Amino acid sequence: MTAQTTIAGALDRRLLMDRSVPGRVALTLPASDVPLQAAPSADLLRKGLDLPEISQLDMVRYFTNLSQLNFSIDTNFYPLGSCTMKYNPKINDEVASLPGFRDIHPNQPDEQVQGALRVMFELQHALGEITGLPGVSLAPLAGAQGEYAGLLIARAYHESRGDSARTVAIIPDSAHGTNPASAAMAGLEVVTVPSNAQGGVDVDALRKLADNRTAVFMLTLPSTLGLFEMNILEITKIIHDAGGLVYADGANLNALLGIVKIGELGFDICHSNLHKTFSTPHGGGGPGAGPVMVAARLAEFLPEPVVVREPAAAKSSLSATSHHGDAEPVEAHHGAKPYAFAYRLSRPPKSTGKISGFHGSFSILVRAYTYIRSMGRDGLRSAAENAIINANYIQAGLKDKYALAVDRYCMHETVLSAKRQHARGAAALDVAKRLLDYGIHAPTMYFPMIVEQALMVEPTESESKETLDNFIQVMRQIDDEIDRDPALLHDAPHDLPVSRMDEATAARKPYLRWQKSG
Ligand SMILES: *Cc1c(COP(=O)(O)O)cnc(C)c1O
């Protein structure tokens, strides 16, 4: 049915070790270019080393076949709500692998890495512009760490004003699980505010909760139901009047880019996942980046480092490197004196400290910077518009078959409910597993938890109308299969190398390494 079917069918499932034949080798070691050294004493040596002996061709086939079992955005449609599997344009990877970015070391002195620091400085500036929150630290390594960094800033702000009774974080019941977890880790007490029937914050309930113990209100915008918060201005005012700060979980800014600035809605702090909104690849626990952005009055609390720019003349050591013509291209091109500026890492005066080693996920920062620069202001806005129209196209194409969590125009993602399908004998999980047989990655399932049988679909801006039409048609066909042949759903996936797994033990007791059989 799919390309994967063919590969899986023909796949040699033996592990590398089981392909071992004594005497076969995959490579020859080069002659040693260092003097021979005596081996460590015998008691430190293993008796024998059980390594596979295999020819190069067998090994290449083994690993190439393994790599083709990966499901990725580069191979198939991946409509994972909230977690945004956005296409990563190849130019991002090309720029990130330029030797001047790839081969530098985080311990190099600022003078030697002016280009890299400038990229960071300009990315800080771009994120400050996009969010309307000009204080930026790129240090957090993930969305959750950005939340944690932002909440530490909120605490430090209140404490600096002697307002130390503010220890409560108010969080909606629809929030991503990392929100209450980060708040608890930052030493805050979590209080939940319910959602209203339109999927927004219950404003009356919020008004009752906001008081002189409120440190921060955390809100995901658009909400995890994929909806814009209609009462946002009233909400930020309620919290500010109570003396609290308002935090935006901007992990996913795909619906807002270039359309509205978080800061102008009254938010004081936000983080954004570069690995969702700004196209850098993620998944499988790979590196991410979750910069934290704050209003100007909170910038002194940012985690270190932040990159600052100052007149180069102040740093005489920089002029000594002026024969490297690449440190200040823009100023030079504009005819200004080369090296008008110098960039350096700095610690904000009341910094909450280091949140990660060194500079953050530098190669991820370069990818996000490349995405932002190559899209430009208009490109980012049209990405947001396309993300929104794509999600609404899917919603409109499915809402007669699948219930909607809330029947409203959505933003960049739509939350369907498989409750009708469930009543007919197929759960959201079965629908999701059956999608795999059609070469489509499962949407986010059972989240947000306030929606029964949730299937959260985010097509992103880059998918074609044909891909969206195919998804709609497949989802409708799966709905038909429930009545025709329910086993097709219950036993799915049928055509992948791994069939239906036990969801709990697959996560809790995974086999991650070769185990000697017998
Ligand atoms: C993904 C996500 C997070 C967490 O980001 P990580 O990089 O996985 O830590 C937080 N909030 C929302 C709304 C998200 O979608």
Problem - Environment charge of residue 218, counting only residues whose C-beta is closer than 9 Å and scoring Lys/Arg +1, Asp/Glu -1 - result: -2
Exercise for the section: Have a look at the DSSP beta bridges in the chain and tell me what percent are antiparallel, nearest 5. Expected result: 55 percent
Problem - Gain in span if fully extended, residue 26 to residue 51, counting 0.36 nm per residue against the direct Cα distance - result: 7.8 nm
Exercise for the section: Run the quick spin-label model on residue 38 and residue 374: label points 7 Å from Cα toward the beta carbon, then report their separation in nm to one decimal. Expected result: 5.7 nm
Fill in the blank from the handout: From DSSP H assignment alone, runs of 4+ in the chain each adding -39500 (n - 2.57), the sum over residues rounded to the nearest 500 puts [θ] at 222 nm at -11000 deg cm²/dmol
Fill in the blank from the handout: Counting sequence-distant residues (5 or more places) and residues on other chains, those with an amide H built under 5 Å from that of residue 193 are 171, 173
Completion exercise
Taking a crude spin-label model, label points 7 Å out from Cα along the C-beta direction, the residue 509 to residue 259 distance in nm is 4.7 nm
Practice task
Please work out the C-alpha center-to-center distance from the range 21-56 to the range 395-435 and express it in whole Å.
Solution key: 56 Å
Exercise for the section: Calculate the radius of gyration of the Cα atoms of the chain to one decimal place, then report Dmax, the largest Cα-Cα distance, as a whole number, both in Å. Expected result: 26.2, 78
Handout entry: Cα-projected label distance for residue 241 with residue 129, points at 7 Å along beta-carbon direction, nm
Key = 3.6 nm
Completion exercise
Kirkwood Rh for the range 136-176 from C-alpha pairs, in Å, is 11.7 Å
Problem - Relative compactness, the range 91-364, computed as alpha-carbon Rg over 2.2 N^0.38 Å - result: 1.06
Handout entry: Å² of accessible area per residue within the range 1-130, as computed with a 1.4 Å probe and no ligands counted
Key = 66 Å²
Practice task
For the range 120-166, run through the trypsin sites (Lys or Arg not before Pro) and keep only the ones in DSSP coil with at most 10 other Cβ atoms within 10 Å of their Cβ.
Solution key: 161
Completion exercise
Distance in Å, no decimals, from the C-alpha centre of the range 271-303 to the one of the range 98-177 is 6 Å
Problem - Derived scalar couplings ³J(HN,Hα) [the range 269-278; Karplus, 6.51 cos²θ - 1.76 cosθ + 1.60; whole Hz; x for Gly, Pro] - result: 9, 8, 10, 9, 8, 4, 7, 10, 6, 10
Handout entry: Approximate shape of the range 84-234 as ellipsoid semi-axes (Cα gyration tensor, √5λ), whole Å, largest first
Key = 35, 21, 13
Exercise for the section: Take the range 2-135, compute every pairwise Cα distance, and split them into 10 Å bins from 0; I just need the percent in each bin. Expected result: 8, 17, 22, 24, 20, 9, 1
Practice task
Using every pair of alpha-carbon atoms in the range 377-507, split the distances into 10 Å bins beginning at 0 and state the percent of pairs per bin, rounded to integers.
Solution key: 13, 42, 33, 11, 2
Practice task
Lys and Arg at +1, Asp and Glu at -1: add these up for the other residues within a Cβ distance under 9 Å of residue 482 and post the number.
Solution key: -4
Handout entry: Net +/- balance of residues flanking residue 411 in space, Cβ distance below 13 Å, scoring K and R +1, D and E -1
Key = -4
Practice task
Name the long-range amide H neighbours of residue 248: under 5 Å, sequence gap of 5 or more, or other chain; modelled H, no Pro or chain starts.
Solution key: 219, 268, 269, 270, 271
Handout entry: Solvent exposure, largest accessible area first (probe 1.4 Å, DNA, RNA and ligands not counted), of 354, 509, 276, 261
Key = 509, 354, 261, 276
Problem - Fraction of antiparallel bridges per DSSP, the range 91-364 only, in percent to nearest 5 - result: 45 percent
Handout entry: FRET efficiency for residue 473 and residue 17, using Cβ-Cβ distance with R0 set to 41 Å, rounded to 0.05
Key = 0.40
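The values are calculated or read from the model by the stated rules, or taken from the named source; none is laboratory data. Every value quoted in this text rests on a predicted model; they were computed, and no experiment measured them. Glycine also receives a Cβ, built like all others from the backbone with ideal geometry; neighbour counts cover every protein chain displayed. Remember, those area values only see protein heavy atoms, side chains included, never the ligands or the DNA or RNA. Shrake-Rupley method; radii C 1.70, N 1.55, O 1.52, S 1.80 Å.
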